[in-house]
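Participant: I'd like to ask some things about the structure below.
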Amino acid sequence: MVLKTILIILLFTVIAYAEPVTLAWDRNAESSVIGYKLSYWKKEAVVDTGNETMVTVDVTPLEEYMFAVQAYTADDINDYSEKITYTVPQPSCNVSLCH
C-alpha cells in the first residue's frame, strides 16, 4: 500500500510540474538554410524544427535552462546562436488541483 501511494504521488508530481515554454527566433537570411535545430541544456535535448522558427518544449518550474538555435543547410550546420538562459517560474495553479 505504501509503495502504491508513493507511485501515485510521484506520477502526480511529474504531471503537475511539466510546463510549456515557447521559443521563437528570426529566420536566417541565407537562402540555402533548410531548417533549424533548437538545443537546450538541463535535459540535454535537441529539437529539429524543420523550417519552423517557433517551438514549444516542456520544462520544469524553478529550473534554469539554456537555449540556442542552429540553422542548417543540406550540407552543413551553422554555429550556435547566442545562448539565452531562462529560469522557469513557479506555475500558478488552481487550489483544488494543488497538493
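Participant: Return the pairs, sorted by first residue and then second, in which the second residue is surrounded by fewer than 16 Cβ atoms within 10 Å (Cβ to Cβ), the first residue lies in the range 46-70 and is small (Gly, Ala, Ser), the beta carbons are less than 8 Å apart, and the residues are 6+ apart or on different chains.
Facilitator: Ala68/Tyr80; Ala68/Glu82; Ala68/Lys83; Ala68/Ile84
Residues checked against (1) touching a strand residue (DSSP E or B) at 6+ places or on another chain (Cβ under 7 Å); (2) among the hydrophobic types (A, V, I, L, M, F, W, C); (3) over 16 Å from Lys83 (Cα atoms); (4) outside any strand (DSSP E or B):
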| residue | (1), (2), (3), (4) |
| --- | --- |
| Ala29 | no, yes, yes, yes |
| Val33 | yes, yes, yes, yes |
| Lys37 | yes, no, no, no |
| Tyr40 | yes, no, no, no |
| Val46 | yes, yes, no, no |
| Asp58 | yes, no, yes, no |
| Pro61 | yes, no, yes, yes |
| Phe67 | yes, yes, no, no |
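Participant: From the list Val55, Val33, which one is surrounded by 11 or more Cβ atoms within 10 Å (Cβ to Cβ), β-branched (Val, Ile, Thr), within 12 Å of the chain's Cα centre (by Cα) and at pLDDT 90 or above?
Facilitator: Val55
Participant: What's the number of the condition Asp48 fails, among (1) modelled with pLDDT of 90 or more; (2) surrounded by 13 or more Cβ atoms within 10 Å (Cβ to Cβ)?
Facilitator: The failed condition is (2).
Participant: Taking the condition of being at pLDDT below 85 and of a type in the set (Gly, Ala, Ser), how many residues in the range 1-30 meet it?
Facilitator: Final tally of qualifying residues: 2.
Participant: Taking the range 18-30 on its own, how many of its residues are among the small types (Gly, Ala, Ser) and within 12 Å of the chain's Cα centre (by Cα)?
Facilitator: Summing the residues that are among the small types (Gly, Ala, Ser) and within 12 Å of the chain's Cα centre (by Cα) in the range 18-30 gives 2.
The values are calculated or read from the model by the stated rules, or taken from the named source; none is laboratory data. Here the structure is a predicted model, which means the values were calculated and not measured. Here Cβ is always computed from backbone atoms with ideal geometry, including for glycine, and neighbour counts include all displayed protein chains.
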